[in-house]
Structures are given as structure tokens and as C-alpha cells.
Protein chains: 4
Amino acid sequence: MSSSFGTLFRATTFGESHGPAVGVVVDGCPSLVPLDVAEIQAELDRRRPGQSKLVTQRKESDTVEILSGVHDGVTLGTPIAMLVRNEDARSRDYEEMRTKYRPSHADFTYDQKYGVRAWSGGGRASARETVGRVAAGAIAQRLLRERWGVEIVAWVSHVQGVSSEVDPLTVTRANVDVNDVRCPDAGAATKMIELIEAVRKGGDSVGGVVCCVARGVPAGWGEPVFDKLEADLAKALISLPACKGFEVGSGFAGTLLTGTRHNDAFRSDDQKTAYTKTNYSGGIQGGISNGMPITLRAAFKPTATVMHEQETVTTELENTTISGRGRHDPCVLPRAVPIVEAMVALVLADHALRQDAMRGC
Amino acid sequence: MSSSFGTLFRATTFGESHGPAVGVVVDGCPSLVPLDVAEIQAELDRRRPGQSKLVTQRKESDTVEILSGVHDGVTLGTPIAMLVRNEDARSRDYEEMRTKYRPSHADFTYDQKYGVRAWSGGGRASARETVGRVAAGAIAQRLLRERWGVEIVAWVSHVQGVSSEVDPLTVTRANVDVNDVRCPDAGAATKMIELIEAVRKGGDSVGGVVCCVARGVPAGWGEPVFDKLEADLAKALISLPACKGFEVGSGFAGTLLTGTRHNDAFRSDDQKTAYTKTNYSGGIQGGISNGMPITLRAAFKPTATVMHEQETVTTELENTTISGRGRHDPCVLPRAVPIVEAMVALVLADHALRQDAMRGC
Amino acid sequence: MSSSFGTLFRATTFGESHGPAVGVVVDGCPSLVPLDVAEIQAELDRRRPGQSKLVTQRKESDTVEILSGVHDGVTLGTPIAMLVRNEDARSRDYEEMRTKYRPSHADFTYDQKYGVRAWSGGGRASARETVGRVAAGAIAQRLLRERWGVEIVAWVSHVQGVSSEVDPLTVTRANVDVNDVRCPDAGAATKMIELIEAVRKGGDSVGGVVCCVARGVPAGWGEPVFDKLEADLAKALISLPACKGFEVGSGFAGTLLTGTRHNDAFRSDDQKTAYTKTNYSGGIQGGISNGMPITLRAAFKPTATVMHEQETVTTELENTTISGRGRHDPCVLPRAVPIVEAMVALVLADHALRQDAMRGC
Amino acid sequence: MSSSFGTLFRATTFGESHGPAVGVVVDGCPSLVPLDVAEIQAELDRRRPGQSKLVTQRKESDTVEILSGVHDGVTLGTPIAMLVRNEDARSRDYEEMRTKYRPSHADFTYDQKYGVRAWSGGGRASARETVGRVAAGAIAQRLLRERWGVEIVAWVSHVQGVSSEVDPLTVTRANVDVNDVRCPDAGAATKMIELIEAVRKGGDSVGGVVCCVARGVPAGWGEPVFDKLEADLAKALISLPACKGFEVGSGFAGTLLTGTRHNDAFRSDDQKTAYTKTNYSGGIQGGISNGMPITLRAAFKPTATVMHEQETVTTELENTTISGRGRHDPCVLPRAVPIVEAMVALVLADHALRQDAMRGC
């Protein structure tokens, strides 16, 4: 009862990592949005395993099939179901998981919750579930671009201690995809890649931070009180595997300023368009977009799968150890970039439709 | 369409700051929970303005009336409506707001969204809306304590640059309420109080960080994928006025560790109860509680109301300045503590019921 | 968890019959809808007990107070909370209910579900809960009239065996309210009134049928599949106390025709406006309005409260009898008319907003 | 935004009649329910076209594939996605639909709502959408049988003017499936079959009534007020294609009785189990099940597809005629039986879980 996201533009994902398929049903996408399977595939390719040496070598073509909701190149307004078959499920690598809980994975908690789990490949807790999110997000991004000119760009800003400098006002997706680590600061990217390579050789893993900006969002999106725009964005990002922290605008650093410094002064330009001189608010005030760029940060912990022996317990709750095996991502950050963009797009598309409903035509 | 929170245990708040009343309807609370108006009042008193020199001096008794859903001291299973009349609304202090947008408040965005706003007192964007959250949270806390022995404790861990040391395993609400700033580290509390007094005299404001722990949560609460327990907690806290950042477990700091260091090794004790040696996961793995304490942090920006002249625009989008007037909180943190606890309780109560439904009786 | 209705235009009712108050929170009403407490009161007065000899003599002024969401005569877009205090609760009349279950009431099932019940006055199962529905419906009707020119008229078409002839294309609310039984066919109304008077003197009760038409609904409202417009209307009406049957368009009688007779032929008029020559579809095809009048019928069983001794069981499940006492409605139909209109309005307002969201601005 | 049904046990269907596939995602099914693809297939076979001469001759094997959520013969608690490929889509039969609206179909309203439609085969408005409902309902029925011993039986009680006599207390699914028309009264069944054959030869169609009983439902299911058990059942059935009327218990006929006759007297048996002497309430009082059999009736209009020339308009709103072509169901009733059972099962499974959540473990 948790595999759906959104109030009006709603994505429902399904599928286990080593089951027959993963996929998504998008319900509530308006009709007459131009849609091409190629643009969905392009986003999935950015998320795909095996795309570079920095990420897991699982071989999945991740070829998407659209089963419904699209006709003659446009959406019908009906549910859009999309399917990706699983291909390279090596269950033998996971045999030990059957009887032992991997530390900081979801094996233990799934067993506690359900009394059963698809032990092979992490089942539904695998990052493979995000295939459906990315496919749905590609549709949301097309809708946002077509109707409102919104563009969303995410990038890797930190890998462990390596930080970067990127201007959220100008960064493009082309800048981001120029290297394998998806950090548009070339100097920082080189260091990040070296770090990840070293960590992989050591059988360990690292985390980091993904930044995201949404430009072109008009003022007025977001609902006050519980469904504040930033609250739904927080839920969207923290719902991603391995995400442990979220910031909008000034975030934790903003707590170090005083109110007079932190307040974003309004100004009006020659065209009587309001803007703020600073953007500590991150484009959202009182839960509603104010027309400035929306700026977000998400912290991803180091991948739990490491190639070292670790203490754990068996399913019978006996103390034991487990050794790392199988393919793994030494750092999820590069693949997290399109996933973060997808989740931000799902939130914005949903709130765009909610605002249309509230404002009337 | 955003004033409801929760799937099964659902709170719907209403009310403007300077309107007749604020309140909440709680629908989905199970029957036969012992409930006394006094325990709801006690939580409201912790949130109330005017309780100390550190907070706004608006005079509100915040006396709550239960209108429905309770009979002979127990809940009926039907909606529990609770009402608090507004008493001390000084609209004259807000006259300037009618035609000017206060920086970093929601005046501008409400006008953009709705084409109208209750300009006096901030309307629905006022922190006064949280009266309903606290009243609902008091019921959720009673339910959680009665049925599962869960206890929730929040405290102020930072005010601007002043930090504190507090043990989440042992801190109690009595420790927290021992001083006006609600920081259980006495040395830090003294410095925080001095800082807030100084800031208030200077007509400025400061922000900080609230930490929260939930102890006694059994393994198995939380839904994987979108409604992960930490995702709903993130939404709950980021939905609070002025909250700009959220962390669960290791949060942003966890990105600086490697996987081998960050993983929480499982161990089993003499009673065959599983636990983890560390708790970087913050009590949640794969979106589901693992039985360890749930640990959270929320960043609150400095209050936007300051007693200085600031640049802004009029409702006609002419450049102008606005001067601070009226009563204000130089620091919202002490009053945020019961509000954070309430939101955490609403999330946990909802997921407790969802897990009952999923597991069956 | 059942006291809310609607996806975007959402009403949440609260209150027990003999508790302090009943009321409703309407969330999701667009801003800038002109709204006057008098028009809400007018609808409540049509539902009020004691308005004629045909209905219960409980004395309630049913004076409504708007607590939030309205400012200077227009809606703010924020939740509109409305409150009606209970005044004439004669619990002594209900003492026997404490330990005996009234036949065909909800006493037994509430106890089975909740393990407790507000035994006095029927608690939440009382028709008094519909106060909140009518108040919310008054707002929905204003919105529908202002924005789309929709008008909704319901009337009593049958009381037990007495039937009437009314033209759904022309009937007005003024026609309906011209007599106490709310049947615009004067001859039938006279017979209905005589029947109800006779039944009341005999301490018994009767049921009947309410018809409803919604004119001016544009084509395109309603969602295919599960949230078909007629499906949400069915739920809305069957959710009313004592309602046991629902029909749209030709209903059960339509099953006696063949397809060639039953199909509604499309025609186009001089202005190239499509219409259908017949309206067996009741204004809805495939779950979506087609621009023709929407026609509905709802069956209400005879009131369960009668002034005769009846067999029943005690709360200890011992066989016993119970005698009728207290005030009762010999026939709920006249008071059901504004309630039916309110429910139809809630469904239409919700689907109007959903269609705005889907179609974009 | 209308393709999902249920609060906790939630089915989301997708697919157009002549698109690649139809299917469903069931989210919220508890874990550890034994589940076999064969039992889902068995229900789909009862709904399948071409199963007898009485129904459409479209050739579809309707072979279902389970894509997720089931492992080693039990449910995992995660979403269960099920897929049926479309095979026999003869778009040429539908060419005329591209530019003309079929009377009493959804062609016109889909165009009005969406500005586009999958004109071939009726798109999403086709009865083919019910494949997903039946697959989801098969899982709901297994859950209901396993956990609570609930059994649901529907049958054809009327075809046009031909009525039958069936005892809802004893009728079994085997009795129903004994003939092609699914009416367990053999004499009536013969007449119904003759009628349908004659109607088919004449190129016309007929409607009728399906009755349904749910036995073994414990007291306490259903939520008062808006989500009354009968209200959700009404929505479930009226959401089916061609369904125009709904009754629970005494329905419209109950309006002809007085209250003293209609009330269901409670009695207690030797085991102190309460029951009612009559069951005009249809097993539900105040929206909550009372432990007696739940009895329902649904009216289905004659199929809109007939083999005669009919008046209609073009997509340019010019008057024209359209001639019947393609395969059609002269009477949907026999195939509606498993669909009605599926919808009733979806409602009951959802309310069963909701009651578990409310009551606690």
C-alpha cells in the first residue's frame, strides 16, 4: 500500500529485482502530451547498470515497453503502463542472503514486517525498483517542459569528502553528463572518479550529495500546510534507497545566519516582475513556489554492499558473519542523478495539476 | 486540499491566525483509547505563546474544547474535533501587510496562488496553524504509549552556532522541559538563552536544530518504496513552518564514512533479540523500523519577522521598504519542540495502524 | 477514517447527535468564491427538524458558525470549518438504548465494530450527522452555480405507494419547497401528506423515493473506470442514512428494453451542439457527463424508529423487547431532499475540479 | 486518475481494448496468502469472450502472467502486477468509429473529456478493462476465503423480462456455472438462453439483473458515514460498464413496506449469537456488516452495440447514421457474473483490512 506516489499525477511501481519484470503505471497524466518511447528509454539508459566502470556491472538492457495509454504519439489521458524485463539475475550470488541478514540492507526489516521476503537480489528493496520511477519521471518531465517550460537538472556535488562548485542558475544536463560521475565541475569530477575507483578496488563504498535545481517553475505551485511543495519534495527524495538527508534552500547552513541576513528581499524589475535578491528560501515560501529556482540537496549514504566480511545474524537470530559477494555499486551517486530528477519531476507535475484544479480554467 | 495528514490516522487542521478559531479533526483514531482533555491541554501549553521571555508575547490561553469523538473518557472511533478560539489578534500591528509583502514570509506566494489572502497575522501560514497539529499529536502520543509503549522526545540541540551534547537513549521530556529553551544540556542551554535574549534586544532572530528520538518502536513499521517511514517523517517535519532541512540517522555526516564503517552490524543477545551495534541507520532500514531508536534532526531557519527596515515590494509590485512591527519570536526553537514531537507521533500512529492492517489480527 | 468525502473538493464531517456539536471542514474549495453564511443557513433550515408537522419535533435552531476559510465575503482557498451546536438532546428518551439494540438501527453494529458507542441519540449514526453534509453542499452548490451555471433540484417522487409526475427538465427548487412534503406534483403531495399523517398517528413510518436532476453540467466531467461520475454519485447517495437503492438514467426499468430502443441517438442542432434524442443514459456515458441533464433516483427505507414494541436483544445478547419512545420522523423523505442535493453537489464540484486539473488551463 | 480502487487493498487497472495489453497492479495485499496463477486464470476464463454462443466471439485466450509480488506460491506483501496480452484486435471492424460516435457508447464523452481517444475497439471504455478487475478480485477472494471464510456468489436473476427464483442462503458457484447463462434456476435459464439467442439473431441486445450474496462476513466491517460498506459496494458495481442501478437488502421494494414490517428483529440463539429474523437490511446496518448475508442487486442495461442502423453524429458534429458491425455481446449478463463477484471481493477485502487497522491486534 505504499507503491503509489502523487495525488493527481500518480505513479505506481511494481517488481522485484530478480522477478520477471519491473515497471510502473502512471495514472493521471493529461491527454495530448507528445510522448515517444525513445525519450523514456534515454532516461532509463542514464540510470542503467553497467554504463561505466564506476557502477555495478549487472547486465541489463532495461528496454522499456509501453503497454497502454499512448496512441499515435500522444498520451490518451488513460493509465500509461510501462514494463522492463529483468535479464541478468544471478541468484547464485545471493544464496547466502537466504539465511543471513546483510547489514544495513532491508533483509531483516522485510522479514520482520512480512514474515517472508524475496531474498534473491534484495527483492523489492533493490535499487532496481527505481526503473519505474525513472520511466514515470520521464513522462512528468515531458509534461512540465511542454506546458510550463520547466527544466530540472541534478548533479553530484560531493563524493565523500570531495566537493565541487557548480552554478545552479546555469548548469545544464549536458554539462552533467559530460563525465561518468555526473559532476559538472571538471576538477572535482576527476578527484571523485579517482576516489571511487580506489574505493572499488578496496571492496568498499562511498556516499555523497546530489544537488538539484528546477528552473522555470511559476509562482503558485504547492499547497500550504501538510502538502507544502518542499515537504513533498522531501518525501520524494528521502523515499529513495540510501537517502538519509534533505535540504531546501539554505538548509542546515541557514541556521547559522540571523533573520536579517537570511531574509530574501523582494525587488521588482522593469517589467514589474517580482524576484528576490537572494534565494535562501530555495524558491519556496510558505510551501508555495515563488518563481525563483527551486534548489535541493540530498545525502546518500555509502552503499551497504561491500566486499568485506561483516558481523551479522542468521534468520534464526544466531550470531554469524557474512562476506561480500556479487556485483555492487561502489558509489550510487552517478546513477542517483536521473532518479533524483525523476522524483522532483513527479512532485512538480502533481502540484502543477493540483494548482490547475484549484485555480480553475 | 492539503490540510489533511495521514492515511489511516488522519488529522485535518483548519483556521487562520486572526480568524475566529483554529482547530483540528482527527479521523481514524481507534476506539477505546483513554483520553482526557487535560493531556491535550498540557501539550498545547508547551506550544503556547507567552510561556517565557524567549518567545512571542501574544496572549493566548489556547484553551481546547473537544467537540466530538470522546465519550466517558475514551475515544469512540469516530472523528475527534477540537477547537481553540483565537483571543489576542491585534490586526492593527499588521496593517502594513495589507499592501506590502513581508520578506521570506508567505504573503507574496499566497497572493500568487489564491489571488486573495487573510493579510492579518499571516492567516493560515502563521505558526498558529500548528495548534491543531499539537492537539492531534497529543492523541497520537497517547495511542502509541498505550498500545506499544512508544515514547517520543525532542529537544533543541543547536541555536545558531551554540551546540549541545545529549544522549538520545536516555533523554526524557522532563529533562527537556527543565529550562525555557528546551535544551537538556544545562551549559549549552545557558548560552542559548543568552544568545536569544541578545538577538531579541537587537530586533533580530536566530534559527537552529531540533533533534528527536522515538524509542520503543517495534520492528516492522513503515512501508517500503514511497511511504518509507523516514520519507513520511521527512514530509512531516519539512511541512513545519521554517523547517529547511531533515536528517535521519547519520544524515549528511554519514556521507563522509565508507560503507564498512557506516554499516550497522547485527547482533543477537541472550534472549535472541536482534539489535545493531551502531545505529547509523537511525532505526529504519529499507523504509521499515528495525526496533532500534529512531533518530531525526530538523533545521529551522531564523524567524522571518525582524524589527528592522527591509527592502520589499508592494502588492502592486512597486519597490518599497517595510519596517518590523508587532510581537515576534526571536527564536522558534523552544516552541518547535512539542510540534516536532506531535508530527513524529502522527506519522508513527498512522504507520502502526497500517502495519496492523497488513499483518492482520 | 471514513468521515471524509471527495478527492479535491473534500468534506470531513464530525459530531455525535447528543455531543456538544456537529460540523464539517471543507478543504479544497477554490479561492474567491463569494460566500455568505446566510445561504448556508438557508440550506440547513431546509434540513432542520421541527420545520413542519411531517418531521421530528426535536428543537434545534441549527445555527451555523463559519470558523475559518472565509474573509470579506469570499473564500480564501483554505479549509472552511463550520460548526452547529447541539441544543435539544433529551438523553432520558434514550436510556433504554443503553442496554438494548434498536432493530434496524446501527446500535448493534457500532458495538460490534468499536466495542463502545455513544448510545444516546444514535451517536454518529444519527441523521444529525447530515448537518455537516448540507453545510458543505451549500458551498459546493455556490461554486457550481458561479463557475458553471449548474443547478441541482431534488424532490420527493414517491412516498410508499403514492407516486407523482414531475418533469425533470423544468422543475425548480421553488416548485419543490411549495409544500411540506417537497413533492412538486400538488395532487400527489396532498396524498403523501395524508399518508404520512396517518402513519405518524399509528406510530409507524414509511419510506419512498427521492429524484434528483442536475442541469447545466458540461460534457467531460467524471473519470472513466472506477471513479465514473455515476459511481461516485451512487456512493454519495447510498452513504446517506436509510438509503437502500440507487438508479441513474433508466435504472432497473432500462433492463426491460432492448438495445435498439434504449440507445440514445445523437443529434446535432443548428449551433452544432450535440444532444441525444432520449436520455436513458441519464446524462452520463462511460462514466463521463455528455451535457444532457443528469437524472438520479434514491430509495429510502421506512424510518427504523417506530412507536411499537419490537423484538430485540440486550447488549448481553439476551432476548427481550424494546418499545418505541422519543421523537421520530414518520417519513424522512422531505428532509432528505436538501441532503440529496448536497451530496450530488459535492460529487459534481469534486469532478469539476478534477477535470480542470486534467484539461489544464 | 481514476484507475485505482480501494484504500488499503488497492487495484490499479490499465490497458486499452486494442492496445498491446490489459492488466492490473494489486498493492496492499497482505503477505503469506497462498496464491496460484491457476486460480486467477480460472476466474479470467469465466469472464473470457468466446466461452459460449451467448457472448461475443472475439478470440482471446486471456492468459495471465504474474510479474511481481508472488514468490514460492505465496504473496510477498509487495505489489502484484498481472498482465494479459491482447490478441484478436480487429481494428478494421471499427474503422467507422474513427469519425462517428456510436450511440450510448463512450466515444463522444471521451472526445469531449480528452480531446483524443483510442477509437479502435472502444479503447479503455471497452469491457476488456474488466480483465484487470477480475484478476485482482481473484486475489481478494482468496484472501477473504483463507482468513475469514467469506464466500461470494453472483448469478443472473433476470434477463429482460425473464425472472428466476434463487435462494441466496444456499446457492453455490457450481450451481451458477451449470449453464451458459449463469442462472441457477434451470427453468428460467432455459427461457433466458432462448431469449438471448433470439435477440442475437435479430441483431439486438438485452439487459437484466445480477444478484450477489456474500456469506460469512463477520459483524464489524464497513466504516460509518461516507465509506459505508453498502456505499462502497454501490460505487464498485455502478462503476461497471452498463450498470445503471444498485440495491442492497430490500432496495426499492423496501419503500413499499412500513417501518414495523421492514425492521429486522434481533434474536439470540443458544450460543448467544445474534441474528435477525428477517434481512431487509441486506446484512449491513449503519454502514457496518451485522453478520447476516450481504445481499445486492445490480441492473445492467442492454448492450449498446447492436447490428442495426442508428442515428448519430460525426466527430465534426454533422448528423449521420451508423450501422452495427463487428462482434458483440447480445447480453453481457453471463460474463458480468464473475466481474460482479470480483468487485464485491475488492470492497470486502479492503474493508477487512481497514477493520484490522481500526481494531488493532
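The values are calculated or read from the model by the stated rules, or taken from the named source; none is laboratory data. Just so you know, these numbers come straight off a predicted model, no measurement behind them. Every residue, glycine as well, gets a Cβ built from its backbone with ideal geometry; the counts of neighbours run over all protein chains shown. Side chains included, ligands, DNA and RNA excluded: accessible areas come from the protein's heavy atoms. Shrake-Rupley method; radii C 1.70, N 1.55, O 1.52, S 1.80 Å.
Values computed for the structure shown
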quantity	calculated
Cα-based convex hull, the protein assembly as shown, per residue volume (Å³, whole number)	159
Ratio of Rg to Rh over region D:147-241 (Cα coordinates, Kirkwood Rh, two decimals)	1.06
Debye log10 I(q)/I(0) for region C:186-271, one point scatterer per Cα, at q = 0.12, 0.13, 0.16, 0.25 Å⁻¹	-0.64, -0.73, -0.97, -1.32
Solvent-accessible area buried by pairing D with C, both sides, nearest 100 square angstrom, 1.4 angstrom probe	8500
Signed unit charges on C-beta, dipole axis of region D:136-292, positive-most listed residue D:Leu240, D:Val171, D:Ser289	D:Ser289
Minimum 30 Å² accessible area buried by the other protein chains, region D:242-264 residues, probe 1.4 Å, relative to alone	D:Lys244, D:Phe246, D:Val248, D:Phe252, D:Thr255, D:Leu256, D:Thr258, D:Gly259, D:Thr260, D:His262, D:Asn263
For region A:319-361: rounded, prolate or oblate by the Cα gyration tensor [a/c cutoff 1.5]	prolate
Calculated label separations, D:Glu311, copies of the chain, 7 Å along the beta-carbon direction, nm	5.8, 7.0, 8.6
Helix runs (DSSP H) in chain D reaching 15 Å along axis by Cα, Kyte-Doolittle at least -0.5	D:130-148, D:186-201, D:333-359
Protein-only accessible surface order, largest first, of D:Lys244, B:Lys201 at 1.4 Å	B:Lys201, D:Lys244
Residues in region A:316-361 occluded by at least 40 Å² - accessible area, probe radius 1.4 Å, against chain by itself	A:Leu317, A:Asn319, A:Asp356, A:Ala357, A:Met358, A:Cys361
With every protein chain in place, chain B: carbon and sulfur % of accessible area (1.4 Å)	49
Zone residues, region D:312-336, relative to D:Arg98, backbone N less than 20 Å from point 7 Å out along Cα-to-Cβ	D:312-327
Net dipole in debye of region D:309-361 [+1 Lys, Arg Cβ; -1 Asp, Glu Cβ; about Cα centre; nearest 20]	400
Inter-copy label distances at A:Trp148 (7 Å, Cα→Cβ; nm, one decimal)	2.4, 3.5, 4.1
Ranking by accessible area, most exposed first, for D:Lys59, A:Lys113 with a 1.4 Å probe	D:Lys59, A:Lys113
GNM top mover of D:Leu348, D:Leu317, D:Leu32 - chain D, alpha-carbon springs below 10 Å	D:Leu317
Per-residue SASA entry for B:Phe5, accessible area with 1.4 Å probe, Å² rounded to 10	20
FRET efficiency for A:Lys59 and D:Glu65, using Cβ-Cβ distance with R0 set to 22 Å, rounded to 0.05	0.45
Cα-centre dipole for the protein assembly as shown with unit charges at Cβ (Lys and Arg positive, Asp and Glu negative), debye to 20	0
Normalised contact order of chain C, rounded percent, pairs of Cα under 8 Å and 6 or more residues apart	22
Length released on extending from D:Asp269 to D:Ala186, taking residue separation times 0.36 nm less the Cα-Cα span	26.4 nm
Buried on assembly, region D:145-161 (at least 20 Å² less accessible surface than by itself, 1.4 Å probe)	D:Arg147, D:Gln160
Filtered GluC sites (Glu not before Pro), region D:267-361: DSSP coil and at most 15 other beta carbons within 10 Å	D:Glu316, D:Glu318
Cα centre as origin, Lys/Arg/Asp/Glu Cβ charges: chain C dipole, Debye	260
Among B:Thr255, B:Thr273, B:Thr13: highest mean-square fluctuation, GNM of chain B, C-alpha pairs under 10 Å	B:Thr273
Among B:Val116, B:Val210, B:Val84, residue whose mean-square fluctuation peaks in a GNM of chain B (springs only between Cα atoms under 10 Å)	B:Val116
At q = 0.08, 0.11, 0.13 Å⁻¹, base-10 log of I(q)/I(0) for region B:4-359 (Debye sum, equal scatterers on each alpha carbon)	-0.41, -0.77, -1.06
Local electrostatic count, C:Gly203, Cβ distance below 14 Å [Lys/Arg +1, Asp/Glu -1]	+1
Counted charge near D:Ala21, where neighbours are those whose Cβ lies closer than 14 Å (Asp, Glu -1; Lys, Arg +1)	-4
Around C:Ser250: net Lys/Arg minus Asp/Glu count, Cβ-Cβ under 11 Å	+2
Relative contact order of region A:142-218, pairs being alpha-carbon contacts under 8 Å that are 6 or more residues apart, as %	46
Average accessible surface area per residue within the protein assembly as shown, 1.4 Å rolling probe, Å²	29
Ascending list, in nanometres, of distances separating the D:Glu95 label from those of the other copies (7 Å, Cα toward Cβ)	6.1, 7.8, 8.4
Residue of chain C nearest the C-to-A rotation axis [by Cβ], rounded angstrom distance	C:Ala357, 2
Mean residue ellipticity (222 nm) of chain A, computed from DSSP H runs ≥ 4 via -39,500 (n - 2.57), nearest 500	-8500 deg cm²/dmol
